[in-house]
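Quick notes on the structure that follows.
Values quoted throughout were computed directly from the atomic coordinates according to the rules given, and no laboratory measurement underlies them. These numbers come from a predicted model, not from an experiment. Using ideal geometry, Cβ is built from the backbone for each residue, glycine included, and neighbour counts are taken over all protein chains shown.
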Amino acid sequence: MNQPHKFTIEERVRWGDVDAANIIFYGSYIRFFEIAETELFPAVGMPYGKIFDELDIWLPRVHLECDFHRAARMDDLLEVSVHVGKIGRTSLRLNFEVRRKTEDGTIEKDLMATAHFVLVSTDRKNLKALPVPEELRKSLEPFTQ
């Protein structure tokens, strides 16, 4: 099976992301994952405005799982990558990887955190599951495993 392309953003760990020990608060990773997800959709021609208004669906998250491998600290520059692990009939799974970028611009091979979200395609009125629109599937193909 081919490796999917990963969509990647960079985000710095800020003062509000850390606890008193200067280590990233676990909830801050959620913000990094959300930024990567939010940037992925417009990059494939599917900004949320189009998904919500033209495809007439919502994509609520129904599951989130995260493993923390190493502690990030304030001012660390993190590379957050996302790809689509699977698109089912009514849901899609987004896989995330976080690595630290070093001062010389290289990316450390060791993972800081890994996670996945499951999003469900729903109607906007009753939040009933609907098939993932074909247009959305095709747009995400380059980043799908």
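Observations on the structure shown:
- When residues of the stretch 95-124 are limited to those that are free of Cβ contacts under 8 Å to residues at least 60 places away in the same chain and acidic (Asp, Glu), the one farthest from Phe68 (Cα to Cα): Asp104
- Test: residue in the stretch 49-72 that is closer than 14 Å to Lys6 by Cβ and touching a residue at least 12 places away in the same chain (Cβ under 8 Å): no
- Annotation: Val62 fulfils all but one of (1) out of contact with any helix residue (DSSP H, G or I) (no Cβ under 7 Å at 6 or more places or on another chain); (2) surrounded by 14 or more Cβ atoms within 10 Å (Cβ to Cβ); (3) among the β-branched types (Val, Ile, Thr); the unmet one is (2).
- Residues that are closer than 17 Å to Glu39 by Cα and in contact with a strand residue (DSSP E or B) (Cβ under 8 Å, 6 or more places away or on another chain) do occur in the stretch 98-113.
- Test for Ala36: is it aliphatic (A, V, I, L, M), under 29 Å from Ile24 (Cα atoms), in contact with a Cys (Cβ under 8 Å, 6 or more places away or on another chain) and buried (at least 17 other Cβ atoms within 10 Å of the Cβ): no
- Residues that are closer than 19 Å to Asp53 by Cα and surrounded by 15 or more Cβ atoms within 10 Å (Cβ to Cβ) within the stretch 93-128 comprise Leu119, Val120, Ser121, Thr122, listed in sequence order.
- For the stretch 47-82, filtering for residues that are more than 30 Å from Thr102 (Cβ to Cβ), in a strand (DSSP E or B) and more than 18 Å from the chain's Cα centre (by Cα) leaves 1.
- Residue within the stretch 83-90 that is out of contact with any Asp or Glu (no Cβ under 9 Å at 6 or more places or on another chain), outside any strand (DSSP E or B) and small (Gly, Ala, Ser) present: yes
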